[in-house]
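Visitor: One structure coming up, written as structure tokens, with questions to follow.
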Amino acid sequence: ARAIGFATGLADSVRESQSRVLIAVMGFPDPELQVRFVLSDGRDAFTDFFWREHRHIGEFDGAGKYRDPAQLRGRTPEQILLAEKDREDDLRRQVDAFSRWRLPALHSPRILYDILRRAGLPTSRPRPGR
């Protein structure tokens, strides 16, 4: 029943779901998922995680968008990387904190804990052990 109550269809990937579980287990506030921001050029950007009270965006950065031909859609990995950097810069101008993590942070929760804490997100739990 607890798992069903926690479940949501808003996570955009399995890795986002894994991140969300770790975020909860480590005592961080519950984030909103897939929150819409408007970029300076008028395009919409949906963030993986947003802690509205802390004006803090969190993003899981999977490697697929830089390697998978279906996600590249004819663009080079360099073009994708630069577009992602521009998107992040635009989002950073709208909030107080922005955290990004990759797969190693899901395998070693202490990495994700440190990323979120160093960006100022509060937690009710101590730093995980090894």
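The values are calculated or read from the model by the stated rules, or taken from the named source; none is laboratory data. Please read these numbers as outputs of a predicted model, since none were measured by experiment. No Cβ is skipped: glycine too gets one built from the backbone with ideal geometry, and neighbour counts run over all protein chains shown. These area figures cover heavy atoms from the full protein model, side chains too; ligands, DNA and RNA do not enter into them. Shrake-Rupley method; radii C 1.70, N 1.55, O 1.52, S 1.80 Å.
Visitor: Would you be able to say whether some residue in region 48-63 is of a type in the set (Lys, Arg) and over 14 Å from the mean Cα position of the chain (by Cα)? Steps first, please.
Guide: Going through region 48-63, the residues of a type in the set (Lys, Arg) turn out to be 52, 55.
Narrowing the set further to residues that are over 14 Å from the mean Cα position of the chain (by Cα) leaves none.
Scanning region 48-63 turns up no residue that is of a type in the set (Lys, Arg) and over 14 Å from the mean Cα position of the chain (by Cα).
Visitor: Yes or no: residue 32 at pLDDT 95 or above, surrounded by 11 or more Cβ atoms within 10 Å (Cβ to Cβ) and not small (Gly, Ala, Ser)?
Guide: Details: at pLDDT 95 or above: yes; surrounded by 11 or more Cβ atoms within 10 Å (Cβ to Cβ): yes; not small (Gly, Ala, Ser): yes.
Judged against the criteria, residue 32 is a match.
Visitor: Scan region 64-93 residue by residue and report those that are of a type outside the set (S, T, N, Q), more than 15 Å from the chain's Cα centre (by Cα) and more than 22 Å from residue 104 (Cβ to Cβ).
Guide: The answer is 69, 70, 72, 73, 74, 75, 78, 82, 83, 86, 90, 93.
Visitor: Looking at the structure I just gave you, is residue 74 assigned to a loop (DSSP other than H, G, I, E, B) and loosely packed, with under 13 Cβ neighbours inside 10 Å?
Guide: yes
Visitor: Among 109, 104, 128, which is surrounded by fewer than 12 Cβ atoms within 10 Å (Cβ to Cβ) and either modelled with pLDDT of 95 or more or not hydroxyl-bearing (Ser, Thr, Tyr) (or both)?
Guide: On inspection, the qualifying residue turns out to be 104.
Visitor: Further question on the same structure: I'd like to check something: does region 39-49 contain any residue that is aliphatic (A, V, I, L, M) and open to solvent by 30 Å² or more (accessible area, probe 1.4 Å)?
Guide: no
For (1) part of a strand (DSSP E or B); (2) more than 19 Å from residue 12 (Cβ to Cβ), each residue gets a yes or a no:
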| position | (1), (2) |
| --- | --- |
| 41 | no, yes |
| 48 | yes, no |
| 58 | yes, no |
| 70 | no, no |
| 84 | no, no |
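Visitor: Can you work out which of the residues in region 4-29 that are of a type in the set (A, V, I, L, M) and out of contact with any helix residue (DSSP H, G or I) (no Cβ under 9 Å at 6 or more places or on another chain) is modelled with the lowest pLDDT?
Guide: Our first condition is that a residue be of a type in the set (A, V, I, L, M); within region 4-29, this holds for 4, 7, 10-11, 14, 21-26.
Narrowing further to those that are out of contact with any helix residue (DSSP H, G or I) (no Cβ under 9 Å at 6 or more places or on another chain): 4, 14.
On the way: 4: 63, 14: 86.
Residue satisfying both the conditions and the ranking: 4.
Visitor: Take region 10-31 and flag every residue that is in a loop (DSSP other than H, G, I, E, B), under 16 Å from residue 113 (Cα atoms) and touching a residue at least 40 places away in the same chain (Cβ under 8 Å).
Guide: Quick first cut of region 10-31, residues in a loop (DSSP other than H, G, I, E, B) only: 10-13, 26-31.
If we keep only those that are under 16 Å from residue 113 (Cα atoms) too, we end up with 26-31.
If the condition is that a residue be in a loop (DSSP other than H, G, I, E, B), under 16 Å from residue 113 (Cα atoms) and touching a residue at least 40 places away in the same chain (Cβ under 8 Å), then 26, 27, 28, 29 are the ones that fit.
Visitor: Restricting attention to region 86-111, and to residues there that are among the basic types (Lys, Arg) and assigned to a helix (DSSP H, G or I), which single residue is farthest from residue 29 (Cα to Cα)? Spell out the reasoning first.
Guide: The first filter runs over region 86-111 and keeps only residues among the basic types (Lys, Arg), leaving 87, 92-93, 100, 102, 110.
Those left that are additionally assigned to a helix (DSSP H, G or I): 87, 92, 110.
Working: 87: 25, 92: 20, 110: 17 Å.
Ranking the qualifying residues of region 86-111, first place goes to 87.
Visitor: Just to be sure, is residue 80 open to solvent by less than 20 Å² (accessible area, probe 1.4 Å), among the aliphatic types (A, V, I, L, M) and closer than 19 Å to residue 10 by Cα?
Guide: Details: open to solvent by less than 20 Å² (accessible area, probe 1.4 Å): yes; among the aliphatic types (A, V, I, L, M): yes; closer than 19 Å to residue 10 by Cα: no.
So residue 80 does not fit the description; no.
Visitor: Based on this model, can you work out whether residue 114 counts as exposed (fewer than 14 other Cβ atoms within 10 Å of the Cβ), in a helix (DSSP H, G or I) and under 16 Å from the mean Cα position of the chain (by Cα)? Show your work before the answer.
Guide: On the way: exposed (fewer than 14 other Cβ atoms within 10 Å of the Cβ): no; in a helix (DSSP H, G or I): yes; under 16 Å from the mean Cα position of the chain (by Cα): yes.
So residue 114 fails the test.
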